[in-house]
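Asks: The structure is given below, and queries will be raised subsequently.
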Amino acid sequence: MALDPETRSQFLATIRRFVDERLRPLEAKVAEDDAVPDDVLAEMKALGLYGVSIPEAYGGLGLSMEEECLTAFELGRCSPAFRSAFGTNVGIGSQGLVMFGTDEQKARYLPGIASGEIVTSFALTEPEAGSDSGAVRTQAIWDGSAYVLKGGKRYITNANKAHLFTVMARTNPDVKGGGGVSAFLVPRDSKGLSIGKPEKKMGQQGAHICDVNFDDVRVGPEQRLGNEGEGFKVAMQVLDRGRLHIAAVCCGVAERLIEECVRYAGERKQFGQAIASFQMIQAQMADSRTEAYAARCMILDAAKRRDAGENVTMLASCAKLFASEMVGRVADRAVQIFGGAGYVADYGIERFYRDVRIFRIYEGTSEIQRLVIAREMMKGAQA
Ligand code: COS
């Protein structure tokens, strides 16, 4: 549901203030501590950030996709680790349940997800099933009274904080590929479920990824999300939506970096003048501005189409591909414009340069986005 224009602009202004006044001053500390402070998480919950995409009937803000993207533009204007704290609740950790859950499943979990009391996580990737996500090996075999989960997931965002996992597992080992996979809602406290140590990463310190292991975890049939064999499609539809959100975050980060470049280029003097007066600097800034604007237009167009009920599988991949590659170029130019200062930690630019690298990889690599786009383009074209 869309907000009325005044409520929408008030909400976005509140988020902008929160980002500018509360989150930005903490960026270096969060990176150093590898943790977002608890009081900040509590403020994010109070602002409703954990539940922006959860329907109002379940206590969320029920934002439209367009509004969610506008919110992500704002949240992208600070270290992406902050958004990651609630990102799984807004996106991949909750949307399978929103789209495919029964009324009973929704009533049980969505209010807690919306308030942030329940943190969610999306467990699809495995050591042997990264881009080829239809190849999941984790099994969920029905033993007459429950599904028994056995196997392991890898690089699972927020696994160490999560209370509830959406797990894709193979219920039919005889069916290869996505068709044998089902989705399950698995509580963290299930017997036999264990979480690995957070991985040491290149960037986005404060956001964590871990292994999740299932050692004969018993899951009742009431925890299955959608029908047996539909888990791969659940995952794909969740990702279609998530890719738009990530694209919007990329755009927000690019805006932040452009803002930093404009400020720095205006202050920094070389050859007796501000470097902003040099055409080679101006050209880099103009390229960044143009590309960030193009990404913003793509994202909002795709989001509005999704809100209108169109299938945006291809457009979401176009937006994710373009925006994630775009922010990589913008971050690279930012390091160049800052020069030596871009390479040392104090200015924070090198941190963003590292932070944005994952955008081209998670929720589908650039290669997978190209594959999805091309397949959608060719549908119906081959005899
Ligand atoms: N929405 C609905 N259904 C979809 C879909 C989508 N976006 N994408 C695929 N499907 C369906 C197909 O229609 C097909 O259905 P049928 O069997 O009924 O014909 C089925 O799912 C299998 O699709 P497909 O043959 O395209 O599957 P592939 O194994 O070839 O793989 C890709 C598809 C590569 C696109 C998929 O595995 C993918 O997105 N991989 C990347 C995963 C990812 O983003 N991981 C990040 C981890 S989460 S942070």
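The values are calculated or read from the model by the stated rules, or taken from the named source; none is laboratory data. The shown structure was predicted, so the numbers you read here are calculated from the model rather than taken from an experiment. Reconstructed Cβ throughout: ideal geometry from the backbone, glycine too, with neighbour counts over all protein chains shown. Remember, those area values only see protein heavy atoms, side chains included, never the ligands or the DNA or RNA. Shrake-Rupley method; radii C 1.70, N 1.55, O 1.52, S 1.80 Å.
Asks: Are there any helices (runs of 4 or more DSSP H) wholly within region 9-83 with 2 or more residues that are surrounded by fewer than 19 Cβ atoms within 10 Å (Cβ to Cβ), and if so which?
Replies: Details: elements: 27-33, 38-46, 65-75.
It comes to 27-33, 38-46.
Asks: Further question: Please list, ordered by residue number, the helices (runs of 4 or more DSSP H) wholly in region 311-383 having 3 or more residues that are hydroxyl-bearing (Ser, Thr, Tyr). Reasoning before the result, please.
Replies: Numbers: elements: 313-338, 340-343, 349-355, 366-378.
Ranges flagged: 313-338.
Asks: Identify the residue in region 335-374 that is within 16 Å of the ligand (Cβ to nearest atom) and open to solvent by 70 Å² or more (accessible area, probe 1.4 Å) and, among all such residues, is nearest to GLU325 (Cα to Cα).
Replies: Result: ARG360.
Asks: Which of the following residues is open to solvent by less than 60 Å² (accessible area, probe 1.4 Å), without any contact (Cβ under 8 Å) to a residue 24 or more places away in the chain, out of contact with any helix residue (DSSP H, G or I) (no Cβ under 6 Å at 6 or more places or on another chain) and more than 26 Å from PRO25 (Cα to Cα): ALA294, ALA283?
Replies: Working: ALA294 fails: without any contact (Cβ under 8 Å) to a residue 24 or more places away in the chain.
Answer to the selection: ALA283.
Asks: If the requirement is being within 16 Å of the ligand (Cβ to nearest atom) and outside the structural domain of SER145 (by TED's automatic domain parsing), which of these qualifies: VAL253, VAL262, VAL238?
Replies: Working: VAL253 fails: within 16 Å of the ligand (Cβ to nearest atom); VAL262 fails: within 16 Å of the ligand (Cβ to nearest atom).
Unique residue meeting the criteria: VAL238.
Asks: Can you name the number of the only condition in (1) in a helix (DSSP H, G or I); (2) basic (Lys, Arg); (3) open to solvent by 80 Å² or more (accessible area, probe 1.4 Å) that ARG218 fails?
Replies: Checking ARG218 against (1) in a helix (DSSP H, G or I); (2) basic (Lys, Arg); (3) open to solvent by 80 Å² or more (accessible area, probe 1.4 Å), the one that fails is (1).
Asks: Hey, does region 245-259 have a residue that's at pLDDT 95 or above and either farther than 30 Å from ILE373 by Cα or surrounded by fewer than 16 Cβ atoms within 10 Å (Cβ to Cβ) (or both)?
Replies: If we filter region 245-259 for residues that are at pLDDT 95 or above, which is where we start, we get 245-259.
Within this subset, residues satisfying the condition of being either farther than 30 Å from ILE373 by Cα or surrounded by fewer than 16 Cβ atoms within 10 Å (Cβ to Cβ) (or both) are 259.
Taking every residue of region 245-259 in turn, at least one turns out to be at pLDDT 95 or above and either farther than 30 Å from ILE373 by Cα or surrounded by fewer than 16 Cβ atoms within 10 Å (Cβ to Cβ) (or both).
Asks: Something else now. Anything in region 146-191 that is more than 12 Å from the ligand (Cβ to nearest atom), open to solvent by 60 Å² or more (accessible area, probe 1.4 Å) and among the basic types (Lys, Arg)? List them, or say none.
Replies: If the condition is that a residue be more than 12 Å from the ligand (Cβ to nearest atom), open to solvent by 60 Å² or more (accessible area, probe 1.4 Å) and among the basic types (Lys, Arg), then LYS150, LYS161, ARG188, LYS191 are the ones that fit.
Asks: OK, next. Where residues in region 192-213 are small (Gly, Ala, Ser) and within 16 Å of ALA81 (Cβ to Cβ), which of them is surrounded by the fewest Cβ atoms within 10 Å (Cβ to Cβ)?
Replies: Initially, region 192-213 is screened for residues small (Gly, Ala, Ser), giving 192, 194, 196, 203, 206-207.
Applying the additional criterion that residues be within 16 Å of ALA81 (Cβ to Cβ) yields 203, 206-207.
Values: GLY203: 18, GLY206: 23, ALA207: 26.
The selected residue is GLY203.
Asks: Going through region 128-145 one residue at a time, which ones are without any contact (Cβ under 8 Å) to a residue 60 or more places away in the chain, of a type in the set (S, T, N, Q) and near the ligand (Cβ under 10 Å from one of its atoms)?
Replies: Across region 128-145, there are no qualifying residues.
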